[in-house]
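Take a look at the structure below.
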Amino acid sequence: MMVRDSIRVKIGIGAVIVMVALLLAHWLDSGTFAQELAMSQSTIEQAFPSSSKCKRCHERVFEEWEISPLSRSIHSPVFRASLDAFLSSPAGKDKALCFRCHAPHVREFPDQVQLFIDQAKAGDPSLDGVACAQCHLIKQVDRTKQPPEPKYELESKTLYGPYKDAVQNRAHQSMELGLFQKSDLCLNCHQSVPSAASLGKANDLLGNWDQSKAVKSGKECQTCHMPEQIGESANGEKKRKTANHTFPGRIGKLRQEAAKVDVHTKVEGEKTTVTVKVQSLVPHNLPATHPAWATVVLDLDIKGKNLKTVFTDKRVYGRVYQDAKGQKTSFDFEAVKVLEDTVLKPEETRVETFTFPTPKDTKTFDVEVTLNYASIAGPAPFLQRVEAESSKGSQDPVFQPIEIIKYAENISVNK
Ligand code: HEC
Ligand code: HEC
Ligand code: HEC
Ligand code: HEC
Ligand code: HEC
């Protein structure tokens, strides 16, 4: 303000002075702008200390979390590319939407949305997404809200966790909170995506999980996704029961427990039928349907003479969405309707039948069945954008399918 006033006073003196004053004003302005940004980030980090602060004493937990997808919740090239697509879409007016789960502390700093956006776009944000404090400061989750909302304790030095008897330390107080061993903690981000609200119940990512056998037998999300192990909870403390923070899901061994496939091949002269029974062992949808392109694919490959593929077919498990213009869309924030839903429901068994001509000129043939998470799909410009955003380009992991199960059997034609 001071600078601007002085411009007005000196306006009669000469253009040169005005110019200098303007330049000065501009310089001062951008200076304060940069300072303000730095200040707002430090305000945010006063309430939600950076995970690097926890690393000092919780090295094991930090290293596990660091390799988990959670540590990249606003870093991944595909997140940045889809954030951009979102912001330039009509739904993008609600700028904080994606961060509500990908960097949930945005809820406490609604005025700082732009800072979160700029950080995510920078590619290597210094701001955390879903890190230690973002979970361990949650005091309560309100499941009457859709999606359920967490309540944060700001300006608190108390970190909540699973232990009744946490050892005292200099950095923070601790308190046992039952919520940390309950699915409710996870549901506030994993249950449904709010942008697809017009889809009604169809925006449900997990399906009827609470009716599953696993849940009825007392399993929580943590039982499978934060498996119990023995180790140091804090550096140098005695070993005790701890929780694995790599959050196995698509990555890690857990996915091998996703399903069972039973394959039965029947050769009847010229015609062969392969029946595949896919039994999901997961207490929630397989796959969870956000982002919208998330699909699991069952591939059948028949290899005849010289292991040459003579027949292939597949089944796709996922959702197909339609946008307001009546076109198929790969983005759930644009979706107004579900056109097709082939997701494997919690613990569902699906029987798939494939019929094809019996391979010729061979005594045996191979039946290969694989279940994979499909690689990313979407409009070409979007995929190019993801490629451009990634330091690995077209080698970015999102362009690779991830194997869940592989089954192979050699079948005799004369059987
Ligand atoms: C604040 C929101 C939030 C909370 C709370 C949360 N998650 Fe997540 N979770 C995410 C986001 C966002 C991702 C995706 C990160 C990425 O890949 O960009 C994710 C990813 C995951 C993954 C990896 C999924 C995959 O595709 O492999 C697992 C497993 C997971 N979370 C389990 C949990 C469990 C268990 C809890 C509760 C203890 C939990 N999450 C609590 C937001 C959350
Ligand atoms: C209600 C919480 C929630 C909201 C809101 C949300 N996400 Fe997610 N997002 C998640 C979770 C949980 C995962 C992990 C899903 C999984 O692996 O099954 C995820 C995964 C993703 C992924 C794939 C993993 C990655 O980062 O590489 C992308 C991309 C993504 N989200 C983009 C977005 C965008 C863009 C928005 C805003 C339009 C958004 N999300 C809004 C919870 C949310
Ligand atoms: C997505 C939410 C989430 C994130 C992110 C997260 N935690 Fe946890 N943490 C939990 C839950 C839930 C438990 C309790 C699990 C149980 O007992 O089944 C836990 C347990 C712990 C424990 C006690 C058990 C142990 O393994 O030592 C410590 C310490 C801890 N977390 C520290 C951290 C630190 C440090 C970070 C960041 C590097 C972090 N957490 C990130 C949810 C989270
Ligand atoms: C000066 C070292 C130090 C720092 C820094 C530190 N912690 Fe701890 N923390 C400990 C010790 C020691 C324990 C107790 C471990 C035990 O009882 O086995 C603990 C326990 C915990 C627990 C378990 C509490 C309970 O009651 O279940 C959580 C959660 C936790 N810390 C999270 C964090 C987070 C998040 C940060 C970063 C914001 C952090 N800690 C920073 C030393 C530290
Ligand atoms: C009985 C073990 C079990 C329980 C309990 C469980 N899951 Fe899973 N979950 C799995 C398995 C196995 C996979 C890998 C196959 C798959 O993608 O479904 C998985 C995958 C996931 C994925 C990533 C892959 C995807 O399909 O997007 C997310 C996210 C996830 N689970 C979240 C949760 C949440 C949230 C809960 C609690 C409401 C939960 N899970 C409870 C076993 C479990």
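Only the coordinates and a few stated rules stand behind these numbers; no lab work does. Just so it is clear, the structure is predicted and the values come from calculations on it, not from any experiment. Cβ coordinates were reconstructed from backbone atoms using ideal geometry, including for glycine residues, and neighbour counts include every protein chain displayed.
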| request: Please name whichever of Ala294, Ser52, Thr309 sits farthest to the positive end of the charge dipole of the chain, dipole taken about the Cα centre and charges placed at Cβ: Lys and Arg +1, Asp and Glu -1. | output: Thr309
| query | Cα-Cα over 22 Å: which of Lys182/Lys241; Lys182/Lys213; Lys277/Lys303; Lys260/Lys305; Lys182/Lys337; Lys266/Lys303? | reply | Lys260/Lys305; Lys182/Lys337
| query | Where a ≥ b ≥ c are the square roots of the eigenvalues of the C-alpha gyration tensor, would you call the stretch 136-229 rounded, which needs a/c under 1.5, or, failing that, prolate if a/b is larger than b/c, or oblate? | reply | oblate
| Tell me, what is the percent relative contact order of the stretch 288-415, built from C-alpha pairs under 8 Å that lie six or more residues apart? | 28 percent
| query | Using unit Cβ charges (K, R positive; D, E negative) and no other charged atoms, how large, in debye to the nearest 20, is the dipole of the chain about its Cα centre? | reply | 480 debye
| said: Just to check I understand the Karplus step: with θ = phi - 60° and J = 6.51 cos²θ - 1.76 cosθ + 1.60, what whole-Hz values come out for the stretch 291-296, glycine and proline as x? | reply: x, 5, 7, 4, 9, 10
| task | Name the helices (complete DSSP H segments) of the chain with a Cα length along the long axis of 20 Å or more and a Kyte-Doolittle mean of at least 0.0, or state none. | result | 15-47
| task | Can you bin the stretch 365-404 into rounded, prolate or oblate? Criterion: square roots of the alpha carbon gyration tensor eigenvalues sorted a ≥ b ≥ c, rounded for a/c under 1.5, prolate for a/b above b/c, oblate for the rest. | result | prolate
| said: Please compute one quarter of the surface area of the Cα convex hull for the stretch 256-412 and express it in square nanometres. | reply: 11.2 nm²
| Rounded, prolate or oblate: which fits the chain, taking a ≥ b ≥ c as square roots of the Cα gyration tensor eigenvalues, rounded meaning a/c under 1.5, else prolate when a/b beats b/c? | prolate
| note | Of all DSSP beta bridges with both partners in the stretch 71-195, the antiparallel percent, nearest 5, is 50 percent
| query | What residues qualify as long-range amide H neighbours of Thr272, i.e. H under 5 Å apart, gap of 5 or more or another chain, H built at 1.01 Å from N? | reply | Phe356, Thr358
